[in-house]
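Read the figures in this text as sums done on the coordinates, not as results from a lab. Nothing here was measured: the structure is a model prediction, and the numbers come from that model. Note: ideal-geometry Cβ built from the backbone for every residue, glycine included; neighbour counts use all protein chains shown.
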Amino acid sequence: MKILTVHGSPDAKGNSAKLLNACIEGMKKNKDAEIESIQVYDYNVEAVWKDYFGDVMKKQTDKIKDDMPALKKKMLKADIILLSSPIYWYQMSGKLKLFVDRWTDFINPDFTTALKGKGLALLSTHGGSHLMNGSDYLQLAMCATADFLGMTWMGAIDCRARMNDSWDDGLSVEQARLFGEKLSTGVNLIGQKVL
Ligand SMILES: Cc1cc2nc3c(=O)[nH]c(=O)nc-3n(C[C@H](O)[C@H](O)[C@H](O)COP(=O)(O)O)c2cc1C
């Protein structure tokens, strides 16, 4: 299984990174897993522009010079794409959202996409001290996004992690490790073969 992990926090050693590292550790238990890990903050991703969707239909999105062509190549090589993000106002981080907006690049005029059949999974961390769990909203959004793009939703792990606080949530870390182990063999957390 080829897995691309995309980290979406400005903090490469923060809460979401800890959850992601545990997940990658789990993936590595499978010697056949090929894992590529990137940080979206290391790349230049332009926001969508006026008449962007017209350019998508004409396959002219690469006229904007940024790192999307390289990022799209990485996505196309992968069987599974795993996003990790802090929750910012009930959503993914803005930088990661710019990247996901640009997945529109893949849509063909007949609304098929080259992402069809690829797995999509999510890790997120949040303060969690408010009435609503931001990760739940994000999971719904990403599940629907996967469906729209013809991808297979493989599920998500979220974790409550306070800002500027030490963090030691063994249960979430253990879940993330198990999630990674399962993903590396192409199944979701409850063992359904989804690829
Ligand atoms: C701009 C911003 C917005 C945030 N919005 C939320 C939110 O809506 N809900 C929540 O539970 N936590 C929120 N948080 C807290 C972060 O999601 C939380 O601290 C997260 O674990 C940080 O992850 P990181 O260490 O990987 O960057 C927010 C933090 C920031 C900086």
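Determine ³J(HN,Hα), in whole Hz, for all residues of region 30-42 in sequence, where each value follows from phi through the Karplus function 6.51 cos²θ - 1.76 cosθ + 1.60 and θ = phi - 60°; x replaces Gly and Pro.
9, 5, 7, 6, 10, 10, 10, 10, 10, 10, 5, 5, 7
How large is the helix-only mean residue ellipticity at 222 nm for the chain, computed as the sum of -39500 (n - 2.57) over DSSP H runs with n ≥ 4, divided by its residue count, in deg cm²/dmol to the nearest 500? Intermediate results must be reported in sequence, preceding the final value.
Numbers: 6 runs with 67 residues, N = 195.
Taking each H run of at least 4 residues, the total per residue is -10500 deg cm²/dmol.
Assuming R0 = 45 Å, what is the FRET efficiency of Leu76 and Asp169, from their Cβ-Cβ distance, to the nearest 0.05?
E(calc), rounded to 0.05, equals 0.85.
Dipole of the chain, Cα-centred, from +1 at each Lys and Arg C-beta and -1 at each Asp and Glu C-beta, to the nearest 20 debye?
Once rounded to the nearest 20, the dipole reads 400 debye.
Looking only at the chain, where both bridge partners belong to it, what percent of the DSSP beta bridges are antiparallel (to the nearest 5)? It would help to have the intermediate numbers written out before the result.
Numbers: 3 of 29 bridges.
Around 10 percent of the beta bridges assigned by DSSP in the chain are antiparallel ones.
Short version: ³J(HN,Hα) in whole Hz for each residue of region 175-192, in order, from phi by Karplus 6.51 cos²θ - 1.76 cosθ + 1.60 (θ = phi - 60°), x for Gly and Pro, what are they?
4, 5, 4, 5, 4, x, 4, 5, 4, 5, 10, x, 10, 8, 5, 9, x, 6
So what's the net charge close to Glu181: Lys and Arg +1, Asp and Glu -1, counting the other residues with Cβ under 14 Å from its Cβ?
On the way: positive: Lys28, Lys29, Lys31, Arg177, Lys182; negative: Glu25, Asp32, Glu174.
Result for the local shell: +2.
Whole-Hz Karplus ³J(HN,Hα) for region 69-82, in order, using 6.51 cos²θ - 1.76 cosθ + 1.60 and θ = phi - 60°, x for Gly and Pro?
Values per residue, Gly and Pro as x: x, 5, 5, 5, 4, 4, 5, 5, 6, 8, 8, 10, 10, 10 Hz.
May I have the convex hull volume per residue, in Å³, for the Cα set of the chain? Can you show the working numbers first?
Working: hull volume 22.4 nm³, N = 195.
Taking the convex hull of the Cα positions in the chain, it is 115 Å³ per residue.
Is there a pair in Lys72/Lys116; Lys73/Lys118; Lys97/Lys193; Lys50/Lys97; Lys2/Lys182 whose C-alpha atoms are over 20 Å apart, and which pairs would that be? Provide the component values of the computation, followed by the final result.
Working: Lys72/Lys116 14 Å; Lys73/Lys118 14 Å; Lys97/Lys193 28 Å; Lys50/Lys97 17 Å; Lys2/Lys182 13 Å.
Table pairs above 20 Å Cα-Cα are Lys97/Lys193.
Near Gly117, within a Cβ-to-Cβ distance under 14 Å, what is the net charge of the other residues, with Lys and Arg +1 and Asp and Glu -1? Don't skip to the answer; put the middle values down first.
Details: positive: Lys2, Lys77, Lys116, Lys118, Lys193; negative: Asp79, Asp147.
Counting the neighbours of Gly117, the net charge comes to +3.
Give the cross-link partners of Lys65 among the aspartates and glutamates, using a straight C-alpha distance below 18 Å as the criterion and excluding same-chain residues fewer than 8 apart.
Straight-line reach from Lys65, under 18 Å: Asp42, Glu46, Asp51, Asp55, Asp101, Asp105.
Tally Lys/Arg at +1 and Asp/Glu at -1 over every other residue whose Cβ is under 15 Å from the Cβ of Ala70; what's the total?
Values: positive: Lys65, Lys72, Lys73, Lys74, Lys77, Arg102; negative: Glu36, Asp42, Glu46, Asp62, Asp66, Asp67, Asp105.
Neighbourhood net charge equals -1.
Whose amide H sits under 5 Å from the amide H of Lys2, counting only residues 5 or more places off or on another chain, with H placed in the peptide plane?
Glu34, Asp79, Ile80
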